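Below is a structure I'd like to ask you about.
The values are calculated or read from the model by the stated rules, or taken from the named source; none is laboratory data. These numbers come from a predicted model, not from an experiment. We place every Cβ from the backbone using ideal geometry, glycine too, and count neighbours over all the protein chains shown. Surface accessibility is based on the protein's heavy atoms, side chains included, excluding ligands, DNA and RNA. Shrake-Rupley method; radii C 1.70, N 1.55, O 1.52, S 1.80 Å.
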Amino acid sequence: MMRTAELINYHEETNDAASAPEMAATPANDQGKVIAEQTAGQTSPGHGVWQNLADSAGRNIGSAVLALISIALFIGAWYLAVKYRVDFYVRFTNIPAPLDVFKEMVDLSKNDSFYQNMLISLRRILLGFGIAVVFGVALGLVIGHYRLARQLMSPILEILRPIPAIAWVPIAIMLWPTNEGSIVFITFLGSFFPILLSTVHGVTSVDPVLIRAARSLGAKEPALLRQVILPAALPQIFNGLSVGMGVAWVSLIAAEMISGQYGIGYFTWEAYSLIQYSDIVIGMIVIGFLGLACSTAIRWIGRMSMPWANQNGGSKA
């Protein structure tokens, strides 16, 4: 303990002695500047925390104001186009006004079947997307890490990948005994390939030095995949999850419009069949907000799962 204390004292005295000539050689008028520069980063931790919170709050408020302005401009353009019956390549003659849509939304908010359609669509999207995450990430890790698996599986996957999910609807109806199973299957297909490709890209982009270092330290293949490759590939994986969620909603709505009996996609198509134009717009708005909520949840989970990627300007999901 005495030896350690002596070393610490000697280090401090040496630093003081080294800085003393600099201060002595500095003119009196400039010594205050030197002292201010030396103590600039020595503020209390609490001050730094409050400053960070203030900066974050300022950025959030600014983003919220810009978002409200953009929404207000969109609604204003919509209102003017409907009011003056714009008919120049695009026709607004049958498009409902924002106020009409708002009144219809208030009426629908009292209808339990409207909420039931939303919940059914959410259940389908979570089930299909969840299955796609499990299979897409697992298969992507194997294909990206093992050359034999890549050579064996890539050809058939590349043949199936360009086929739109909506083109699978007739086959899905024949494959699955219920409409519910076929719709979930279409939703799964829509999100599976973006997740798979992003995972493969993330795995193949891992620094080989990390893999060699882990193997030299005795890491076996399961530990290597779980503790080295998966964390390194997570930013790319979460990018794929965000893209996959958007494609999953597109596939779900199309499947509900074609073969569904419930869901927000079926609600929107039924409104068109019954010439209820306000309900069409409401269905589109609900789809947009539900998709936004799902994408926001993915980004939040990504930030919680990858704290190291959010520091020093790292990538964010």
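Considering every Cα-Cα pair within the stretch 96-237, what fraction, in whole percent, is farther apart than 28 Å?
Counting pairs separated by more than 28 Å, the tail of P(r) holds 41 percent.
Here's another thing I want to ask about it. Go through 104, 158 and list them by solvent-accessible area, largest first, probe radius 1.4 Å.
Final ranking, largest accessible area leading: 158, 104.
For the charge dipole of the stretch 57-214, defined by +1 on Lys and Arg C-beta atoms and -1 on Asp and Glu C-beta atoms about the Cα centroid, which residue among 108, 144, 181 has the Cα displaced farthest towards the positive pole?
Positive-most Cα among the choices belongs to 144.
Can you tell me the order of 106-115, 180-189 when each peptide is scored by its average per-residue count of other Cβ atoms within 10 angstrom, highest first?
180-189, 106-115
Cβ neighbours within 10 Å, averaged per peptide: list 116-126, 217-227, 294-304 in order, most packed at the top.
By packing density, highest mean first, the sequence is 116-126, 294-304, 217-227.
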